[in-house]
Amino acid sequence: MDKRQETAIEAAFAVLRNHARDENLAAQIFDRALNLISHHHRSVFWGDRMMILDKTVGFRDDPVFLRTLRTANSSTGANQYSSPDGISWRFHTLVWAARQALAVAGDFVECGVYEGDMSWVITEMVDLAGANRQLHLFDTFSGFAPEYSSSADFPDLPEFFERLDRDYKRPEIYEEVKRRFAVKPYVTIHKGVVPDSLVDAPVKIAFLHLDMNSPGPERAALDVLYNRVSPGGLIIFDDYGWALYRQQKEMADGFMLARGHSILELPTGQGLAIKPATDSRVPSARPPSDE
């Protein structure tokens, strides 16, 4: 780069920096800059606050997966960026995990359903009925339960709790979810506070998806359900790797560490755990012997 080019670029960035003081304008600048470099890469994934360059992203070539995405809302985690790929990588992770879980004894469980898009994609992509598996969906469908959740769940942004709670309290969500899954008799919807409603959970679980946006009920769900997860069973923590949900990560890490296990943080923000055949609890440290 010669001096004139460097000077021109610096002048252009001075203008951009002035406009980038506004969050939405900064996002537009970023999206347009991404368009400038995209032709220099073999592939670009841009969605769910995640940009990945030069990977195969093979699920985007699956016509069944793409057709299924058109029947689900991929704007969860919507933000000021264009995010053309939405949360498709999260959906892909769930489908992979659900398929692996077919080799494990037990039924499928989701705690934290919202509008049902996550489970809908699983049921469209994985033949649960053919495998004689049941899918159980647990949610209050009426917002956060105050005995388990509060704005303290989000110490970095307490007002975020109220925003989520208002959305989750929309009265039409429950009826919409019931209508959506009415054609799938192997899906059972449980309306009620977790963990109280887990009295109806299956005794053996192959796949557990936790997406409750709050550490309290997720810990309560783990207390009830973890021992029911079969060896080799898969657990997906949807909020695990998101900075705003750091208290959920701390809770989940502590729960698993007490059993000698760990959770794999994925770039999607999800966490993945596979239950081993036996718990290997971390032994307590002992002082060195004098001998």
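Amide hydrogen proximity for residue 233: with H placed 1.01 Å from N in the peptide plane, the residues at 5 or more positions away or on another chain lying under 5 Å are 275.
Taking one quarter of the surface of the C-alpha convex hull of region 1-114 gives a mean projected area of 10.3 nm². Here the Karplus curve 6.51 cos²θ - 1.76 cosθ + 1.60, taken at θ = phi - 60°, turns the phi angles of region 172-183 into couplings of 6, 4, 4, 5, 5, 5, 4, 5, 4, 9, 4, 7 Hz, with x standing for Gly and Pro. Model label sites at residue 160 and residue 16, defined 7 Å from Cα along the beta-carbon direction, differ in position by 2.7 nm. Counting neighbouring Cβ atoms within 10 Å and putting the fewest first, the residues 39, 209 line up as 39, 209. Computed over region 3-59, the Cα gyration tensor eigenvalues convert (square root of 5λ each) into semi-axes of 26, 17, 6 Å, ordered from largest to smallest. Here, the chain yields an orientationally averaged convex hull projection of 22.1 nm² when only Cα atoms define the hull. Scattering from region 141-291 was approximated by placing one identical point on each alpha carbon and applying the Debye formula without solvent; log10 I(q)/I(0) at 0.09, 0.11, 0.14, 0.18 1/Å stands at -0.34, -0.50, -0.79, -1.21. Backbone geometry of region 239-251 corresponds, through the Karplus equation with coefficients 6.51, -1.76 and 1.60 at θ = phi - 60°, to 3J(HN,Hα) couplings of 9, 4, x, 8, 4, 5, 9, 4, 5, 5, 4, 4, 4 Hz, x marking Gly and Pro.
Return the subset of 184/275; 191/249; 191/275; 3/55 for which the Cα-Cα distance in this structure is over 32 Å, preserving the input order. Violating the 32 Å Cα-Cα cut-off are 3/55. Averaging Cα coordinates gives a centre for region 198-252 and one for region 113-190; these two points are 14 Å apart. In the chain, the longest principal axis of the Cα atoms and the axis of helix 215-225 are about 40 degrees apart.
By the helix-only formula, in which each DSSP H run with n ≥ 4 contributes -39500 (n - 2.57) and the sum is divided by residues, the chain has a 222 nm mean residue ellipticity of -11000 deg cm²/dmol. Peptides 231-237, 221-227, 94-100, 29-35 ranked from most to least packed give 231-237, 94-100, 221-227, 29-35, packing being the mean of other C-beta atoms within 10 angstrom over each peptide's residues. Full extension of the chain between residue 243 and residue 151 gives 31.6 nm of extra length, using 0.36 nm per residue less the Cα-Cα distance.
Between 0 and 90 degrees, the angle of helix 23-38 with respect to the longest Cα principal axis of the chain falls at about 80 degrees.
Which angle from 0 to 90°, rounded to the nearest 10, does the C-alpha axis of helix 3-19 make with the longest principal axis of the chain? Between the helix axis and the principal axis of the chain, the angle is about 50 degrees. On the beta carbon distance between residue 71 and residue 9, with R0 = 51 Å, the FRET formula returns roughly 0.70.
Taking 0.36 nm per residue of separation and subtracting the current Cα-Cα distance, fully stretching the chain between residue 36 and residue 105 would add 19.9 nm. You can think of it this way: the chain between residue 79 and residue 64 has 2.7 nm of extra reach, that is 0.36 nm per residue less the Cα-Cα gap. Across the options 80, 186, 231, the greatest Cα extent toward the positive end of the charge dipole of the chain (unit charges at beta carbon of Lys, Arg, Asp, Glu) belongs to 186. Taking the charge dipole of the chain about its Cα centre, with +1 at Lys and Arg Cβ atoms and -1 at Asp and Glu Cβ atoms, the residue from 157, 266, 247 reaching farthest to the positive side is 266.
What ranking of 161, 138 emerges when the number of other C-beta atoms within 10 Å of each C-beta is taken as an exposure proxy, fewest first? Numbers along the way, then the final one.
Numbers: 161 18, 138 27.
Going from least to most buried by this count: 161, 138.
Read-outs throughout are calculated quantities, based only on the coordinates presented, and are distinct from any laboratory measurement. Every value quoted in this text rests on a predicted model; they were computed, and no experiment measured them. Using ideal geometry, Cβ is built from the backbone for each residue, glycine included, and neighbour counts are taken over all protein chains shown.
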